[in-house]
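Worksheet for the structure shown next.
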Amino acid sequence: MRIAILGGGGAMGGLLGGYLARSGLDVVLIDVRQDTVDAINADGLSIEEADGSASDVRVSAITEPTAIGEVDLILSVVKSYHTEAAVRSVMPLLGTDTTILSLQNGWGNAERIGNIAGRERVLVGLTYHSATLAGPGRVRHTGSGITHIGELSGETTPRLEMVATTLAAAGIEVATSASIVVEIWKKLALNVCTLPTSALLRFQAHELNRHDGSRDLMRGLLTETVAVARAQGIQLDEDERWAAITGLLDRAIGARSSMLQDVEAGRRTEIDVINGAITAAGLRSGIATPLNDSMVWLITALQEQYLEAAATPSSGGASA
């Protein structure tokens, strides 16, 4: 199987792409950052595991996907706001049976991909692995977890089974789901509670569960999310989600959420497809979501501040 990883120079793209390449598959990492691509091609991809062990993986990386020809599977892990541009860039890689699997955060990526490449090509999923970048071509695997994938229709198809088998052979724990939309909303609930809270407080994952204030805020965000999901016919068990979220946080010692990493690096966040997805769905359903509204407002204001500062040339010159 020939596989292209959209966002392959990022933490999750590097981790998953590295595991797949290490299993002997023909993998190419696609990333817009030339320094990252150059580092991977020169020195390989370095993956450091949570136990301190490390391995170097030889894998190809490119910035211009048109050069590699058709592939069997495209795995998309780009930020949601890059989805359309990224998918358009890989249209020349699509053959008759090419599948695009989205393991992106947030809600709405499948529709974005389907609108460009065709809904029939799309598989969707989520992963509970976590990773951070230690530098160009250097990935730190901070947490392991299961990856769920499925057809939007809920069917079990040969291509779904083939992709699942491929991931499993690479050492990635995977489960196929007939109710993948519910699984995505379970992960969305986790992200809604933890990502903006960690970014605003600058807390590592385990610290979120150590203070009454952050716990109460996360529980309130979860209550709103469950109400919005149920209004759309998506049944989430709030107690089950809360136990899963707090248990995961307790195990993720030292992990830094993706949104916290974005804020610290001065990058745009994915708040629009995480808490923003809850506020939009709440508005459509007539359900108030004041805590999620607040998270959207606060993160948006914070990122506007640092993005505007980065775009404004600093004043120079000597003073009298």
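Using the Cα gyration tensor of region 89-247, with a ≥ b ≥ c the square roots of its eigenvalues, what is the shape: rounded (a/c below 1.5), prolate (a/b larger than b/c) or oblate (neither)?
Taking the square roots of the gyration eigenvalues as a ≥ b ≥ c, region 89-247 is prolate.
Working from the pairwise distances between different alpha carbons, so that the mean of 1/r is found and then inverted, what is region 46-148's Kirkwood radius in Å?
After inverting the pairwise mean of 1/r, the radius is 15.1 Å.
By the gyration tensor of its Cα atoms, with a ≥ b ≥ c the square roots of the eigenvalues, what is the shape of region 179-320: rounded for a/c under 1.5, prolate for a/b over b/c, or oblate?
prolate
Report the full-extension gain for the segment D56 to A301: residue separation times 0.36 nm, less the Cα-Cα distance, to one decimal in nm.
The span from D56 to A301 would gain 84.2 nm if fully extended.
Can you sort W297, W242 from fewest to most other Cβ atoms within 10 Å of each residue's own Cβ?
Ranked by crowding around the Cβ, least crowded first: W297, W242.
Using a 10 Å cut-off around each Cβ, can you sort D97, D272 from fewest to most neighbouring Cβ atoms?
Fewest-to-most Cβ neighbours within 10 Å comes out as D97, D272.
Here are a few candidate values for Cα extents along the principal axes in Å: (1) 69, 49, 40; (2) 82, 50, 36; (3) 72, 40, 39. Which one was actually calculated from the structure I just gave you?
Entry (1).
For V57, what residues show an amide H to amide H distance below 5 Å, using hydrogens built from the backbone and excluding near sequence neighbours?
Correct list: L45, S46, I47.
Report the net charge of residues surrounding I47, where surrounding means a beta-carbon distance below 9 angstrom and charges are Lys +1, Arg +1, Asp -1, Glu -1.
0
Using amide H atoms built 1.01 Å from N in the peptide plane, name the residues 5+ places from V174, or on other chains, whose amide H lies under 5 Å from its own.
HN-HN under 5 Å from V174: T147.
Rounded if a/c is under 1.5, else prolate if a/b beats b/c, else oblate: with a ≥ b ≥ c from the C-alpha gyration tensor eigenvalues square-rooted, which is region 122-216?
It comes out oblate by the Cα gyration axes.
Mind listing the phi-derived Karplus ³J(HN,Hα) values for region 204-217, rounded to whole Hz, using 6.51, -1.76 and 1.60 with θ = phi - 60°, and x for any glycine or proline?
Once rounded to whole Hz, the list reads 6, 4, 5, 6, 4, 9, 9, 10, 4, x, 6, 5, 5, 5.
What does the charge add up to near S294, with Lys and Arg as +1, Asp and Glu as -1, over the other residues with Cβ less than 14 Å from its Cβ?
That sum, taken over residues with Cβ under 14 Å, equals -3.
Net charge near A85: determine it from the other residues with C-beta under 12 Å of the C-beta of A85, scoring Lys and Arg +1 and Asp and Glu -1.
+2
Find the relative contact order for region 2-178 and round it to a whole percent, using C-alpha pairs within less than 8 Å whose residues are 6+ positions apart.
21 percent
Using each residue's phi in region 44-53, evaluate 6.51 cos²θ - 1.76 cosθ + 1.60 at θ = phi - 60° and report the 3J(HN,Hα) Karplus result to the nearest Hz, with x for Gly and Pro.
Rounded to whole hertz, the list is x, 9, 9, 10, 9, 7, 4, 7, x, 6.
For E183, E173, what's the fewest-to-most ordering of other Cβ within 10 Å of each Cβ?
With the fewest neighbours first, E183, E173 line up as E173, E183.
Each reported figure results from applying straightforward, stated rules to the coordinates on display, with no laboratory input. The structure displayed is predicted, hence computed values, not measured ones. Positions of Cβ are generated from backbone atoms using ideal geometry, with glycine treated the same way; all protein chains shown enter the neighbour counts.
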